[in-house]
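The values are calculated or read from the model by the stated rules, or taken from the named source; none is laboratory data. On a predicted model such as this, the values are computed, not experimentally measured, just so you know. We place every Cβ from the backbone using ideal geometry, glycine too, and count neighbours over all the protein chains shown.
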Amino acid sequence: MKGAKLHTKFMRERRFLIGLVGAVVLLVAGGFHKPERASAAAGTRATWVWDASLIRSEPREIISFVSEHHVDVIYLQISRKLEISDYQAFIKLATAKNIKIMALDGDPEWIKPERCGQTDTLFEWLRSYQQASAKDERFSEIHLDIEPYRLDEWNKNKSKVIASWQSTVQYTTDQARSLNLPLSADLPFWLDQYRTADGKQTLSSWMIGKLDSVTIMSYRNSASGIYNAAAGELREAADLGKTIRLAVETNRSNEGAFISFYGKDAAVMERELGRLEQLAGSYSSFAGIAVHDYKGWKALKNH
């Protein structure tokens, strides 16, 4: 009986050790696997091209740069100074590289009732453009940059500006829907500090819920700073089933040295963006990173 008991004890310990070794092997083989969403979002980028004339003067250089830096979305300014053929040729180049081009436009004045005609002009231009273009020459989305908090009225009557801002976003979402195009927008990270005109929810959650996606201007030059600035919006977007990109700045800023990667090595920014992907990747709402903007990014030092 004593021998049998010893044998049973030996077998139990053997099974335990086999199980323990197996678990360690799986853990090592898995490479401490990140959350699935982080893997899906890692490496994806967006950027802004404000100077639309560049798509005529250096289209292949733009495509080469953004391809090298894993950019899959370009927010491209609409300029009436360019020909439709300029946009068609550039978008065709981008489409061949699986890069989506979003029509970028916006102005703080758009929220004023007397200036709503400017939005109509944009949508009329887009309607004509999409109809005149082949599938691989069309815009995939509309991206707005309105920023009405830059108006003097913001400090005089925020509630009125917020109400007008909401009305403008509602109007533009309806217009975009008529074109069968998704609508996204740039938003500051601090909108969760304000309420909607009716006071029922944060202004950020209303915007995130209304738009198809948003880019949060979480301008900081450290992963923790960017993440902390946008954490509230990441949570709100996850609750709403929406996606957001977190944006960083590469141009000179007068708001403090912590705002932009301006003057730093490109490798420094890439290191911080990699850390940001780790921090934000656990949120289902995290859709990647946007770098503002193409010119500033291209000008970063490469040592």
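Overview of results
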| quantity | calculated |
| --- | --- |
| Filter result (closer than 18 Å to GLU233 by Cα and either surrounded by fewer than 16 Cβ atoms within 10 Å (Cβ to Cβ) or touching a Gly at 6+ places or on another chain (Cβ under 9 Å) (or both)) within region 265-279 | GLU277, GLN278 |
| Residues satisfying the stated conditions in region 86-115, i.e. closer than 15 Å to GLU58 by Cα and hydroxyl-bearing (Ser, Thr, Tyr) | TYR87 |
| Residue identified as of a type in the set (Gly, Ala, Ser), part of a helix (DSSP H, G or I), buried (at least 16 other Cβ atoms within 10 Å of the Cβ) and modelled with pLDDT under 50 among ALA23, ALA4, ALA29, ALA38 | ALA38 |
| Selection count, region 71-100, where residues are of a type in the set (A, V, I, L, M, F, W, C), within 12 Å of ILE55 (Cα to Cα) and buried (at least 16 other Cβ atoms within 10 Å of the Cβ) | 7 |
| Test: residue in region 146-161 that is more than 30 Å from ARG271 (Cβ to Cβ), in contact with a strand residue (DSSP E or B) (Cβ under 6 Å, 6 or more places away or on another chain) and surrounded by 14 or more Cβ atoms within 10 Å (Cβ to Cβ) | no |
| Condition broken by GLN77, with the remaining ones in (1) in contact with a strand residue (DSSP E or B) (Cβ under 6 Å, 6 or more places away or on another chain); (2) touching a residue at least 40 places away in the same chain (Cβ under 8 Å); (3) not aliphatic (A, V, I, L, M) satisfied | (2) |
| Candidates SER213, SER204, SER184, filtered to the one that is in contact with a helix residue (DSSP H, G or I) (Cβ under 7 Å, 6 or more places away or on another chain) and in contact (Cβ under 8 Å) with a residue 24 or more places away in the chain | SER204 |
| Hits in region 134-152 - residues which are in a loop (DSSP other than H, G, I, E, B) and not hydrophobic (A, V, I, L, M, F, W, C) | ARG138, SER140, ASP145, GLU147, ASP152 |
| Residues of region 204-233 classified as among the aromatic types (Phe, Trp, Tyr) and closer than 14 Å to ARG275 by Cβ, total | 1 |
| Residue list for region 235-264, filter: surrounded by fewer than 22 Cβ atoms within 10 Å (Cβ to Cβ), of a type in the set (A, V, I, L, M, F, W, C) and closer than 16 Å to LEU276 by Cβ | PHE258, ILE259 |
| Among (1) farther than 22 Å from SER184 by Cα; (2) outside any helix (DSSP H, G or I); (3) not aromatic (Phe, Trp, Tyr), the one test that MET269 misses | (2) |
| Residues that are more than 18 Å from VAL71 (Cα to Cα) and either outside the structural domain of THR47 (by TED's automatic domain parsing) or modelled with pLDDT of 95 or more (or both), drawn from region 281-300 | TYR283, SER284, SER285 |
